[in-house]
Each structure stands twice: as structure tokens, then as C-alpha cells.
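Just below is one structure, and these are the notes that go with it.
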Amino acid sequence: MVVTAVVGSAGLIPTIAAIDAGKNIALANKETLVMAGEIVVKRAKQNHVKIIPIDSEHSAIFQCISGNRRQDLDKILLTASGGPFLNRPENEFAKIKPQDALNHPTWQMGKKVSVDSATLMNKGLEVIEAKCLFGVSQERIEVLIHPQSVIHSMVSFKDGAVMAQLGIPDMKGAIAYALSYPERLALEQPLPDFVGIGALTFERPDLNKFPCLDLAYTACQTGGTLPAVLNAANEMSVQAFLKQRIPFVKIPEIIGKTMEKHTLVTNPAFDDILESDRWAREQARNLINRI
């Protein structure tokens, strides 16, 4: 088994190489499926390779589906913490600094993923990943804001039953499950303090306040090379924000403008994906340099 855990588009080529070598994949690098999901999944089937997700949400979905018939699956309910700015007024977003975006309320994550969580782009990328990984249409994936981060995701079945995977916000469980599947390791992880938490709450994401999620929906619906463009422009924008070259509110603007300029390839080959990634980085860089 190969654990793919590098951040960003850098994970795509080594993951493909591992699949071609016949290694099962424990996938933490969501960008691999965002950029080239259909190609990666097809290549995995051809090589009789399993892709087991490490992302907490996709691990939760994988666990909920396990033991059930795929044809009985109705919807995927993808939960999101909402990030550090869930309750911050939108008119204050222009003042957001990198250190604010890195201060996630429930998870300890790397810088890029933390910023993606703050913009809700992380959830958008996970929608695209879930579509590829579980073979469902975008219409059957619903994002729910769940600030407590106890329910890591849910699935519903055609008879109305809903199954959820719960746990503390810690990646050890998802990582261990992928590595030991179908067994479970005795991790001695604490259970959620349900009495102390008191209530598990949910709300719909505000797409006007967090336009990155809406951009990801568009890329997911359109398909082809657009998800790769979305991902590349996002990586460039987040990097520029962390270096304080652009304000937080410019992240979705740069991504959106890059997507608008892109000439879509509807059924891309692997080289088309790589070229779209390169093109989008150049376009985003040019937009950043003008700010």
C-alpha cells in the first residue's frame, strides 16, 4: 500500500505511478481525484487496485457504505465545520489575515488545508473527490455545516435510513482504518463527550459568503479540465494569501477569473490535465501580479 499524503497537485503523478505498480492507495491527497478523478479511478480498476480514503469525511462515507449495497445508496451528506469565519460578518472579510485563517476551531491541519477550510474550498474539493470516489452524481451530494465536527459525514439509503460515522476530530482513526482495512486497530481513542457537547447542530452553507464552494460546484458540474483549473488557481491564490500578497477576499476572485478564461477540454487525456494545471497557474500568477 502507498499512502499519498503530499499536499496539492504534486500528489497526482506519484499516485498514478503507484497505481501502475499495482499498489493499493490510501488517499489523503484529494487533489489527485479533483484533477483527474475519472482517469485515476479507471486506471485503478484496470490494475485491480483499491483506493481507500484517508480524508475524515470520505473515510466516514466509506465506513457507512461498507457492508451495504451500492445500488441502495441515495445521498451523501458531507459535513463541514464551517471554518473559523462561519459566524464572522462578511463585511469584515477584507480584514482577515493569514494567522486568522490558520486558527481552525476544531481541527489541527496544515496551512494550505486550513485556508481552504476557511474559504470552504476544502469542502468543494471534497465534493468533487466524493463524486469520483463513490461514483455518484453531484446532485446526490449535499454539504452540511456541522460546527461540532463530531459527525464526520453521513449517507442516506433509498429506504430513508441514514447512517453516520462519529468520532472526535482527530485523523488517527481515518488513517488507521485505511491502513488496517478491513480490520480496526485498538487505538484507545477517547469517545466524543456527548453530554459536554450537548447538541449537534447543522446549517446550510452560505454560497454568497463563501463563493469558493460555489466555484467548486461549477467545476464539478462542468467536469473535463475545469476541476484541474479550479485546483491550480486555488493553490496559487492560497499561496499568495499566505505570503500576504493578496487579501483573503481576492482568493475566489482570482479562481473565478481563471476559470472564466479557460478553454474547456471535455474528455481530457492525462496530458490535457497537466497542461490545464500549468496554464491555470500561469493565468492565476498574472492576475496576482496585477493586484
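Convert each backbone phi in segment 129-135 into a coupling constant with the Karplus relation 6.51 cos²θ - 1.76 cosθ + 1.60 (shift: θ = phi - 60°), then list the ³J(HN,Hα) values in order as whole Hz, x for Gly and Pro.
4, 5, 4, 6, 5, 10, x
Over all Cα pairs of segment 148-291, how is the pair count split among 10 Å bins, expressed in % and running from 0 up to the last occupied bin?
10, 26, 24, 28, 12, 1
Could you size up the charge dipole of the chain around its Cα centre, putting +1 on the beta carbon of Lys and Arg and -1 on that of Asp and Glu, and report it in debye to the nearest 20?
Using Cβ point charges on Lys, Arg, Asp and Glu, the chain gives about 480 debye.
Please arrange GLU38, GLU235, GLU31, GLU183 by counting, for each residue, the other beta carbons lying within 10 Å of its beta carbon, fewest first.
Numbers: GLU38 15, GLU235 22, GLU31 27, GLU183 8.
Lowest count first: GLU183, GLU38, GLU235, GLU31.
Please work out whether the chain counts as rounded, prolate or oblate from its C-alpha gyration tensor, where a ≥ b ≥ c are the square roots of the eigenvalues and a/c under 1.5 means rounded, while otherwise a/b larger than b/c means prolate and anything else oblate? Provide the component values of the computation, followed by the final result.
Values: a/c = 1.63, a/b = 1.13, b/c = 1.44.
Oblate is the answer for the chain, as a/c is 1.5 or above yet b/c matches or exceeds a/b.
So if I take the alpha carbon set of segment 58-210, get Rg, then get Rh from the Kirkwood formula, what is the Rg over Rh ratio? Could the numbers behind the result be given before it?
On the way: Rg = 16.1 Å, Rh = 16.6 Å.
Ratio of gyration radius to Kirkwood radius for segment 58-210: 0.97.
What whole number of Å gives the distance from the Cα centroid of segment 31-94 to the Cα centroid of segment 103-163?
That distance is 6 Å.
Order these by the 10 Å Cβ neighbour count, fewest first: VAL143, VAL49.
By the 10 Å Cβ count, ascending: VAL49, VAL143.
Taking only Cα atoms and a 10 Å spring cutoff, compute GNM fluctuations for the chain and point out the largest among LYS172, LYS112, LYS75.
Of LYS172, LYS112, LYS75, the most mobile in the Gaussian network model is LYS172.
Dipole of segment 1-53, Cα-centred, from +1 at each Lys and Arg C-beta and -1 at each Asp and Glu C-beta, to the nearest 20 debye?
Magnitude of the dipole: close to 160 debye.
For segment 58-210, what does the relative contact order come out to in percent, with C-alpha contacts under 8 Å and a separation of six or more?
This gives 33 percent for segment 58-210.
Let me know the charge dipole size of segment 167-218 about its Cα centre in debye, to the nearest 20, where only the beta-carbon of Lys, Arg (+1) and Asp, Glu (-1) is charged.
80
Would you kindly give the portion of the calculated P(r) for segment 1-110 that falls above 25 Å, as a percent of all Cα pairs?
When every Cα pair of segment 1-110 is considered, 38 percent fall beyond 25 Å.
Put +1 on the Cβ of each Lys and Arg and -1 on the Cβ of each Asp and Glu in the chain; which of LEU287, PHE157, ILE145 then has its Cα farthest toward the positive end of the dipole?
So the residue furthest toward the plus end is LEU287.
Could you work out the local net charge near VAL49, counting Lys and Arg as +1, Asp and Glu as -1, over the other residues with Cβ closer than 12 Å to its Cβ?
+4
Compute the Cα gyration tensor for segment 223-284, then decide on rounded, prolate or oblate, letting a ≥ b ≥ c be the square roots of its eigenvalues: rounded whenever a/c is under 1.5, prolate when a/b is larger than b/c in the other cases, and oblate in all that remain.
Taking the square roots of the gyration eigenvalues as a ≥ b ≥ c, segment 223-284 is prolate.
What are the lysines whose alpha-carbon lies under 22 Å from the alpha-carbon of LYS243, with same-chain residues fewer than 8 places away excluded?
LYS95, LYS97, LYS111, LYS112, LYS257
So who's got an amide H within less than 5 Å of the one on LEU144, skipping anything under 5 residues away but keeping other chains? H placed 1.01 Å off N, in plane.
The list, which skips near neighbours in sequence, is LEU78, THR79, ALA80.
Kindly work out what percent of the DSSP beta bridges joining two residues of the chain are antiparallel, to the nearest 5.
The antiparallel fraction comes to roughly 50 percent.
Output the peptides 273-283, 86-96, 191-201, 224-234 sorted from most to least packed, where packing is the average of other Cβ atoms within 10 Å over each peptide's residues. Walk me through the numbers on the way to the answer.
Details: 273-283: 19.4, 86-96: 12.2, 191-201: 10.2, 224-234: 27.2.
Output ranking for 273-283, 86-96, 191-201, 224-234: 224-234, 273-283, 86-96, 191-201.
Identify the trypsin sites (Lys or Arg not before Pro) of segment 210-266 meeting these criteria: DSSP loop state and at most 11 other C-beta atoms within 10 Å of the C-beta.
The qualifying sites are LYS243.
Given the options ALA28, HIS48, PRO14, identify the residue whose Cα lies farthest towards the positive end of the charge dipole of segment 1-53 (+1 on Cβ of Lys, Arg; -1 on Cβ of Asp, Glu).
The one lying farthest along the dipole's positive direction is HIS48.
Quick one: if you stick a label point 7 Å off each Cα along the C-beta vector at LYS261 and ASP20, how many nm between them?
According to this spin-label approximation, the distance is 3.1 nm.
None of the figures in this text is laboratory data; all of them are computed from the coordinates on show. Note that the coordinates shown come from a computational prediction; the quantities given were computed from them, not determined experimentally. Please note: Cβ atoms are built from the backbone with ideal geometry, for glycine as well, and neighbour counts cover all protein chains shown.
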